[in-house]
Structure formats: structure tokens, C-alpha cells
Amino acid sequence: MSRITITKPDDWHIHLRDGDMLERTVNDVAAWANRAVVMPNLTPPVKNVSDATAYHSRIMAALEGFPQFEPLMTLYLTDSTTPADIAAAAQSLLVCGVKLYPAGATTNSAAGVTGLENLKPTLEAMQSHNLPLLIHGEVTDLDVDIFDREAKFIERTLAPLTTEFPALRVILEHITTEDSVNFVTESRPGVAATITPQHLLFDRNDMLVGGIRPHLFCLPILKRRQHKEALRRAAISGNPKFFIGTDSAPHTVETKESSCGCAGCYSAHAAIPLYAEVFEEENSLDKLEAFTSHFGADFYGRARNDETIDLVRVDYLSPESLRFGPSTVVPLRAGELLKWRLEKTQ
Ligand code: NCD
Ligand code: ZN
């Protein structure tokens, strides 16, 4: 097959950052997505509707064309988020969900939640206003091995949460393990998961064998191959609980190639080609469109996009690096052969 046409995708999890970074992040994603769920982990975080409204304006100001592009804003859940904050978010047409970062779990998560026990009224409010909870699902206790943090989070926090709040819509973001695939598959309706290109393409050997590759370091960290294979099976399964969320997150080359490098991979410049490659390897290109363009919209209760995009099968070299204003970012698959190219958007 040399060309495929699919409904225009959305990205249900992306980091656009702010300031100098915005110009490139926003336009890279708007080139192929009509909507993107924008993560709130700025410094300081996006904590309420007024922060989200101001950030939304900065994103819109950075757009060059793409009049249809709609950033869907999220609020950063903290220990002091109130039911009134949730009611205001539910009223706002800009906010589509609230993001839970366990404190210390990942990049810019210091202001995150230290425990859900005191947030029950806030979660109640999310449930009653039908405002989804987006979760970075890792425990942060230093005694839990980094490769086990996602599985432990399910056991300790997520399983009880989905039972205690039976109507709360929950998205387990950027899943990395077979445990998560099984949990989401077996959970009640209203529990879904996003999957990134990096977790479908790579396992921990790719990151660590023969030398450390800091540009593959993201959180949750890449796991062993068995887990990558489970994620691939979930992505191509046609189960609407699994859909696209790139987690594209730019970090400058200096902050990645460092004695204490940052977590995050940039993929917004080529996300759909990267997913297409995985689906082709799995002989499942016919399942790509639902994963990238249908299931997420359905879960968030939004109309599917009317437009289409064309992908062409052609080998070409991915750039070694990308300019971000004064900075440089080394994207996912830098300098390597890519197999699909986005040809045009309508
Ligand atoms: C993300 C970032 O850089 O903001 N990093 C990452 O490794 N995925 C944060 C996140 O989603 O965990
Ligand atoms: Zn993320």
C-alpha cells in the first residue's frame, strides 16, 4: 500500500510548553491534529480556569494558520484544588479535564498531589460534573523500583479509585505495561488509556544496551519487550478504550544530554508517521484511523473530525535536530529512516 487517507487525528495528550517553545510545538501538532489536550505542567502550573484561559490565548497567538485547531485545556490537580474550582472548570468551554500528577512523579510535578484522601470532595465534583481525570499513573515512593511504579499505582490507587467513584471518567495516560493494558481492558466503561509512539516503538534495551540514549528517556520509563508487545496488541485491537496521546514534550539538547537528564520525548513533528509504522509492522494499518481519529473523540464526547489527512509510504531521513527559537531539540528517531510521510491536510 502506498497511500492511505484517514480522518484527521487529534492528540489526547501533549506538552506545548510556553514562551519560546510554543511557536514550534503548536504548529507541529496543528499540522496534523484538529484538537490537542494540552498538559498543564508549566512552571507555575495551570491551576484554575483563569490560568487556562491565559495559556489558551498564548497558544492561539502562536498558531500560524490552522484556523480549525482547538487546544483543549487541562487543570493541574493540587492538594488544594476545590470543588468550586471543578465547577468553574466544568462551566468553561476551554477546559476538558483535570490532570493528576503524583508529586515528584515526572517533569514539573513538584506541585502535584501528595495523597488523594483529602481530595475526595474534589473527585466527587469531577464525577458529578462529568469532568474526566487524566492520570500520570506512577507511585513515587523511593522504595518502589522505577520499573514497577505503574503497576503499583494501579494496585494502590487506581483500582480503588475507579471503584469508589464508579461514574468518574478516567484516562490512564501514556501506559507502558501489560498490567495497564489488562487493567483498562477489564475495567468498567469510562476507564481508558492513551499510548505514545515511543512506548510502541521502543523497549528498555533500545534505551540502555550499548550505551545510554538519553533521548529515549521518558516517564513512565520504557519497559521490557513483553510490555511493548502488549501495548502494540492493545493499540491494534480495535478496543475503543485505547487511543492516541503522543506525550510529545520538548526538552533542549543540553537538558537531555546531561549527567542528570530530563524525561520526555518530542514527536509532534512526525507523530502519525511513527504510529503508522507500528501499525504497518503489525499488519494492522486498517486499525490506525480508529486509534488516531475516532476512539479519543468518542471517549471525550466530541464529534469526530470531518477532514482527512493523507499518508504516503516513502522512506526519508528524519531531521537530526529541530530548532526551537534559540534552542535545539533532538526529536524521537532523529537522523533515522522514517517510512511514512504526511502529505496534505484538508
Ligand atoms: C513529560 C514532560 O516533559 O513534561 N515528560 C515525560 O517524560 N513524559 C511529563 C510527563 O508526561 O510525564
Ligand atoms: Zn505527558
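Could you list, in sequence order, all residues of segment 275-300 that are out of contact with any helix residue (DSSP H, G or I) (no Cβ under 7 Å at 6 or more places or on another chain) and among the charged types (D, E, K, R)? Give the steps one after another, and end with the answer.
Going residue by residue through segment 275-300, those that are out of contact with any helix residue (DSSP H, G or I) (no Cβ under 7 Å at 6 or more places or on another chain) are 277, 280-281, 283-284, 286, 289-290, 293-300.
If the condition is that a residue be out of contact with any helix residue (DSSP H, G or I) (no Cβ under 7 Å at 6 or more places or on another chain) and among the charged types (D, E, K, R), then Glu277, Glu280, Glu281, Asp286, Glu289, Asp298 are the ones that fit.
Would you confirm whether or not segment 130-139 contains a residue that is more than 16 Å from ligand 1 (Cβ to nearest atom) and of a type in the set (D, E, K, R)?
Looking for residues that are more than 16 Å from ligand 1 (Cβ to nearest atom) and of a type in the set (D, E, K, R), one finds none in segment 130-139, hence no.
What are the residues in segment 131-152 that are more than 23 Å from Gly296 (Cα to Cα), within 16 Å of ligand 2 (Cβ to nearest atom) and in contact with an Asp or Glu (Cβ under 9 Å, 6 or more places away or on another chain), if any? Step through it out loud before you land on a result.
Step one: list which residues in segment 131-152 are more than 23 Å from Gly296 (Cα to Cα), which gives 139-149, 151-152.
Now drop any that are not within 16 Å of ligand 2 (Cβ to nearest atom), which leaves 140, 149.
Matches in segment 131-152: Arg149 only.
Got at least one residue in segment 258-269 being under 15 Å from Ile4 (Cβ atoms) and among the polar types (S, T, N, Q)?
Taking segment 258-269 as the starting set, the residues that turn out to be under 15 Å from Ile4 (Cβ atoms) are none.
Checking segment 258-269: not a single residue is under 15 Å from Ile4 (Cβ atoms) and among the polar types (S, T, N, Q).
Can you confirm whether segment 319-337 contains a residue that is closer than 28 Å to Asp20 by Cα, open to solvent by 50 Å² or more (accessible area, probe 1.4 Å) and polar (S, T, N, Q)?
There is at least one residue in segment 319-337 that is closer than 28 Å to Asp20 by Cα, open to solvent by 50 Å² or more (accessible area, probe 1.4 Å) and polar (S, T, N, Q).
Just to check your reading of the model, which residue among Ile221, Ile272, Ile236, Ile309 is closer than 12 Å to Leu200 by Cβ and open to solvent by less than 50 Å² (accessible area, probe 1.4 Å)?
Working: Ile221 fails: closer than 12 Å to Leu200 by Cβ; Ile272 fails: closer than 12 Å to Leu200 by Cβ; Ile309 fails: closer than 12 Å to Leu200 by Cβ.
From the options Ile221, Ile272, Ile236, Ile309, the qualifying one is Ile236.
Can you name every residue in segment 1-37 that is within 16 Å of ligand 1 (Cβ to nearest atom), charged (D, E, K, R) and either closer than 10 Å to Ala268 by Cα or in contact with a Phe, Trp or Tyr (Cβ under 8 Å, 6 or more places away or on another chain) (or both)?
Here is the first cut: in segment 1-37, the ones within 16 Å of ligand 1 (Cβ to nearest atom) are 11-22, 24-26, 28-29, 36-37.
Now restrict to residues that are charged (D, E, K, R): 11, 17-18, 20, 24, 28.
Once the filter is applied, which keeps residues that are within 16 Å of ligand 1 (Cβ to nearest atom), charged (D, E, K, R) and either closer than 10 Å to Ala268 by Cα or in contact with a Phe, Trp or Tyr (Cβ under 8 Å, 6 or more places away or on another chain) (or both), segment 1-37 yields Asp11, Asp18, Asp20, Arg24, Asp28.
Are any of the residues in segment 13-25 surrounded by 20 or more Cβ atoms within 10 Å (Cβ to Cβ) and in a strand (DSSP E or B)?
Checked against the condition, which is being surrounded by 20 or more Cβ atoms within 10 Å (Cβ to Cβ) and in a strand (DSSP E or B), segment 13-25 yields at least one hit.
The values are calculated or read from the model by the stated rules, or taken from the named source; none is laboratory data. Note that the coordinates shown come from a computational prediction; the quantities given were computed from them, not determined experimentally. Neighbour counts run over all protein chains shown; Cβ positions are idealised from the backbone, glycine included. SASA here: full protein model, heavy atoms, side chains in, ligands and nucleic acids out. Shrake-Rupley method; radii C 1.70, N 1.55, O 1.52, S 1.80 Å.
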